[in-house]
1. If I model a spin label at residue A:24 and residue B:86 as a point 7 Å from the Cα along the Cα→Cβ vector, what separation in nanometres do I get?
2. Sum up the charges of everything whose Cβ sits under 11 Å from the Cβ of residue B:22, counting Lys and Arg as +1 and Asp and Glu as -1, but leave residue B:22 out.
3. Shortest first and in nm to one decimal, what separations exist between residue A:63 and its copies in the other chains, measuring from label points 7 Å along the Cα-to-beta-carbon line?
4. Given R₀ = 41 Å, FRET efficiency for residue B:96-residue B:73 by Cβ-Cβ distance, to 0.05?
5. Going 7 Å from Cα along the Cα-Cβ axis for the label, what nanometre distances separate residue A:24 from the same residue across the other copies?
6. Per residue in region B:25-47, which ones lose no less than 50 Å² of accessible surface when going from chain alone to all protein chains (1.4 Å probe)?
7. For residue A:89, which inter-copy label distances result when the label point lies 7 Å beyond Cα on the Cα-to-Cβ vector, reported in nm to one decimal and in ascending order?
8. Rounded to the nearest 100 Å², what is the buried accessible area between B and A, both sides summed, probe 1.4 Å?
Protein chains: 2
Amino acid sequence: MNVLSQNTTIEETSELFQTIASAARLEILLAIGAGEACVCHLESMLGYRQAYISQHLMALRKAKIIESRREGRYIYHRLRKPELLDVIRQAAAFTDSKTLAAPTPAKDCCCPKCIS
Amino acid sequence: MNVLSQNTTIEETSELFQTIASAARLEILLAIGAGEACVCHLESMLGYRQAYISQHLMALRKAKIIESRREGRYIYHRLRKPELLDVIRQAAAFTDSKTLAAPTPAKDCCCPKCIS
DNA sequence: ATAACATATTCAAGAATATGAATGTGTTAT
DNA sequence: ATAACACATTCATATTCTTGAATATGTTAT
């Protein structure tokens with residue numbers, strides 16, 4: 001029933017979160033945006049060292065989140081699926097909004113003790 | 001401009017991802033769902049040991065993702081903001097969909113070398 | 001061929017995380 | 001007051017992640 005009923009999906013989802021659960025990585029993904037970017041671009045944009053950025057790009061590539069393409073001595077990186085930005089933005093919105101949801105009163109535990 | 005223009009939001013978002021970047025934690029959050037659940041419910045539902053679940057609940061509580069309420073000897077846990085489920089579902093959908101986005105050809109790096 | 005450049009990769013040590021085991025705390029029943 | 005129960009917390013270790021430093025690779029210009 002659930003979108004995540006399959007354990008494999010849960011695993012994959014948790015791996016996705018793991019990969020993007022890093023401020024530097026989020027910055028990089030947002031900087032790449034829907035287009036593409038070379039390392040020097042990210043370097044000047046974010047102020048991180050070259051090797052540091054490359055390391056993160058490597059992790060993102062390994063996680064199949066980005067793809068790379070060489071053009072001369074530049075290598076351009078882009079999101080495999082720009083929809084990832086939506087996931088990030090939604091999470092950011094979740095984080096930001098100060099309005100807490102109304103507490104949902106409900107209860108009926110189906111564990112052995114409760115139903116027996 | 002960007003939703004994440006503030007570094008604080010990026011930090012918070014990365015912390016959110018960090019907290020939910022665990023299969024066990026995702027399972028727990030989905031099991032709690034929009035309602036509330038006691039530990040024994042989660043225990044019988046997910047098949048994990050009690051202490052293990054409590055440890056994860058502790059982490060989720062520390063991250064302000066869930067809230068707890070005691071009723072007799074049971075303690076019910078619920079999402080502070082059920083919208084979190086949407087974030088998770090969207091990520092799961094992202095993970096699942098096999099359709100890769102069309103490559104976006106684009107380039108114009110604004111780093112020192114490129115614009116100078 | 002050599003040098004400069006853009007970027008990737010490897011390595012290692014410290015930091016953070018995960019999780020099993022043991023134990024503590026608050027509540028209800030007797 | 002004691003026991004049983006539902007759950008939380010602490011502790012310790014194994015594993016994973018992070019990140020600075022060093023180095024390697026592929027490309028272009030000379």
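The values are calculated or read from the model by the stated rules, or taken from the named source; none is laboratory data. The structure displayed is predicted, hence computed values, not measured ones. For neighbour counting, all protein chains shown are included, and Cβ atoms are generated from backbone atoms with ideal geometry for every residue, glycine included. When the accessible area is computed, the model is the full protein with side chains, heavy atoms only, and any ligands, DNA or RNA have been set aside. Shrake-Rupley method; radii C 1.70, N 1.55, O 1.52, S 1.80 Å.
1. Between residue A:24 and residue B:86, the label points sit 3.3 nm apart.
2. On the way: positive: B:25; negative: A:11, A:15, B:27.
So the surrounding residues net to -2.
3. Listed shortest first, these distances are 1.3 nm.
4. Details: r = 40 Å, r/R0 = 0.98.
Step by step, r from the Cβ atoms, then E = 0.55.
5. Spacings between copies for this position, smallest first, are 2.8 nm.
6. The answer is B:26, B:30, B:36, B:41 - residues whose exposure falls by at least 50 Å² when every protein chain is included.
7. Residue A:89 label point versus its equivalents elsewhere: 1.9 nm.
8. Using a 1.4 Å probe, the pair buries roughly 5300 Å².
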